[in-house]
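The values are calculated or read from the model by the stated rules, or taken from the named source; none is laboratory data. Everything quoted here is computed from the prediction, not taken from an experiment. Cβ coordinates were reconstructed from backbone atoms using ideal geometry, including for glycine residues, and neighbour counts include every protein chain displayed.
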Amino acid sequence: MKIKILMVCLGNICRSPLAEGILASKLDSEKFQVDSCGTSNYHIGEKPDRRSIETARKHGIDITNQRAAQFKVSDFDTYDFIYPMDQSNYNDIIKLARNNNDKEKVKLILNELTPNENLDVPDPYYGGEQGFEDVYNMLNNACDNIIKKL
Ligand code: 4NP
């Protein structure tokens, strides 16, 4: 059985597609499955934002095949680890948890980098290209720490 990891943001077009692409690029796909989704239904079926696509491409990662999906309760059964990008996403997922086992799967992604600080990956949607590069670097460092614990 593969270990399954789900990255979650609001729209599933900016942050979590990058997180999925970065972590998947570092893991053996025979042993691990990495996916992403959004807590909202705003962009279901869409490709990642062109700025996320371009930022990933600059770092040698192709995320053009990803399509946005919405988080669903059955994801608690499918995934071993669920990483929301910010506290709002965290709260929205926790509200859907059916029991403690579901809740224990959910960890704010930047707590893997800066434990217990509850920092958010800033939403780059309304900003410029640099915001996406900053998000890339945070997620790249967080993913390195996630891998150390797997
Ligand atoms: P994401 O960014 O959650 O990182 O994918 C957003 C994308 C779209 C919207 C909000 C955040 N939106 O409101 O459409």
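Restricted to the stretch 73-129, the set of helices (runs of 4 or more DSSP H) holding at least 2 residues that are of a type in the set (Lys, Arg) is empty. Does CYS14 qualify as being at pLDDT 95 or above, crowded, with 24+ Cβ neighbours inside 10 Å and over 18 Å from LEU96 (Cα atoms)? Taking the combined requirement at face value, the residue satisfies it.
Of the residues making up the stretch 1-33, those that are among the hydrophobic types (A, V, I, L, M, F, W, C) and more than 16 Å from the ligand (Cβ to nearest atom) are MET1, ILE3, ILE5, ALA24, LEU27, PHE32. Note on the stretch 98-127: residues that are loosely packed, with under 12 Cβ neighbours inside 10 Å and within 14 Å of the ligand (Cβ to nearest atom) total 1.
For the stretch 128-141, filtered to residues that are among the hydrophobic types (A, V, I, L, M, F, W, C) and touching a residue at least 40 places away in the same chain (Cβ under 8 Å), the residue that is surrounded by the most Cβ atoms within 10 Å (Cβ to Cβ) is LEU139.
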